[in-house]
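K.L.:
First the structure, then my questions, so here it is.
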Amino acid sequence: MTKLSEVESFLRLMRVKMRIWQIRFLDDRGKNFQAIGQLEIRPAQRHKIIEELIAEDYSEGPILEKMSGWGEMWVFGKWLNKIEVYIKITLGSEKDPVICISFHPAEHPMNYPLKKGNK
């Protein structure tokens, strides 16, 4: 199981990298783009939501991504406008933006192993 310190370390690295290289959303994936309307948010709000993720929002990872060479993927969840949102992020290549692979309503209930009150 991933430790709290590992998740916090990933989030710190992600925020630093976002300040330098920004973040890229894969909006060419239909459900990511459709989610903006479904969640009633502006595209720019996704950046702030991801920037404000905390360790308790962690769901799973790191998951090794082999096809595109982006490295480890981390999954987080967040409730927005009463909808649970599935957020999958990778730091990507060294001198490229953070990549948000998924940002859409969760297709299944998510687990939050670091959330207070979970056993």
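K.L.:
What tally of residues in region 6-45 results from selecting those that are at pLDDT below 95, of a type outside the set (S, T, N, Q) and under 16 Å from VAL75 (Cβ atoms)?
P.N.:
Summing the residues that are at pLDDT below 95, of a type outside the set (S, T, N, Q) and under 16 Å from VAL75 (Cβ atoms) in region 6-45 gives 5.
K.L.:
Does GLU56 count as farther than 17 Å from PHE25 by Cα, within 11 Å of the chain's Cα centre (by Cα) and not hydrophobic (A, V, I, L, M, F, W, C)?
P.N.:
Details: farther than 17 Å from PHE25 by Cα: yes; within 11 Å of the chain's Cα centre (by Cα): no; not hydrophobic (A, V, I, L, M, F, W, C): yes.
Against the criterion (farther than 17 Å from PHE25 by Cα, within 11 Å of the chain's Cα centre (by Cα) and not hydrophobic (A, V, I, L, M, F, W, C)), GLU56 does not qualify.
K.L.:
Continuing with this model, one more query. Going through GLU51, GLU56, GLU84 one at a time, which residue ends up being in contact (Cβ under 8 Å) with a residue 40 or more places away in the chain, surrounded by 13 or more Cβ atoms within 10 Å (Cβ to Cβ) and of a type in the set (Asp, Glu)?
P.N.:
Working: GLU51 fails: in contact (Cβ under 8 Å) with a residue 40 or more places away in the chain; GLU84 fails: in contact (Cβ under 8 Å) with a residue 40 or more places away in the chain.
The match here is GLU56.
K.L.:
Which numbered condition trips up GLY71, out of (1) of a type in the set (Gly, Ala, Ser); (2) modelled with pLDDT under 95; (3) under 12 Å from the mean Cα position of the chain (by Cα)?
P.N.:
(3)
K.L.:
Restricting to region 93-111, name every residue that is in contact (Cβ under 8 Å) with a residue 40 or more places away in the chain and more than 21 Å from ILE41 (Cβ to Cβ). Full working, then the answer.
P.N.:
Looking only at region 93-111, we keep the residues that are in contact (Cβ under 8 Å) with a residue 40 or more places away in the chain, and these are 95-105, 110-111.
Residues satisfying the conditions are LYS95, ASP96, ASN111.
K.L.:
A further question on this structure: It is to be established whether one or more residues within region 50-66 are in contact with a Gly (Cβ under 7 Å, 6 or more places away or on another chain) and modelled with pLDDT of 95 or more. Talk me through it step by step, then tell me what you get.
P.N.:
Looking only at region 50-66, we keep the residues that are in contact with a Gly (Cβ under 7 Å, 6 or more places away or on another chain), and these are 57, 59, 65.
Retained after the next criterion (residues that are modelled with pLDDT of 95 or more): 57, 59.
Yes, because at least one residue in region 50-66 is in contact with a Gly (Cβ under 7 Å, 6 or more places away or on another chain) and modelled with pLDDT of 95 or more.
K.L.:
Further question: Keeping to region 28-46, report how many residues are closer than 16 Å to PRO97 by Cβ and surrounded by 16 or more Cβ atoms within 10 Å (Cβ to Cβ).
P.N.:
Adding up the residues that qualify gives 2.
K.L.:
Restricting to region 103-119, give me the number of residues that are surrounded by 20 or more Cβ atoms within 10 Å (Cβ to Cβ) and under 22 Å from ARG12 (Cα atoms). Reasoning before the result, please.
P.N.:
Here is the first cut: in region 103-119, the residues surrounded by 20 or more Cβ atoms within 10 Å (Cβ to Cβ) are 103-104.
Pick out the ones that are also under 22 Å from ARG12 (Cα atoms) and you get 103.
Counting residues in region 103-119 that are surrounded by 20 or more Cβ atoms within 10 Å (Cβ to Cβ) and under 22 Å from ARG12 (Cα atoms) gives 1.
The values are calculated or read from the model by the stated rules, or taken from the named source; none is laboratory data. The structure displayed is predicted, hence computed values, not measured ones. No Cβ is skipped: glycine too gets one built from the backbone with ideal geometry, and neighbour counts run over all protein chains shown.
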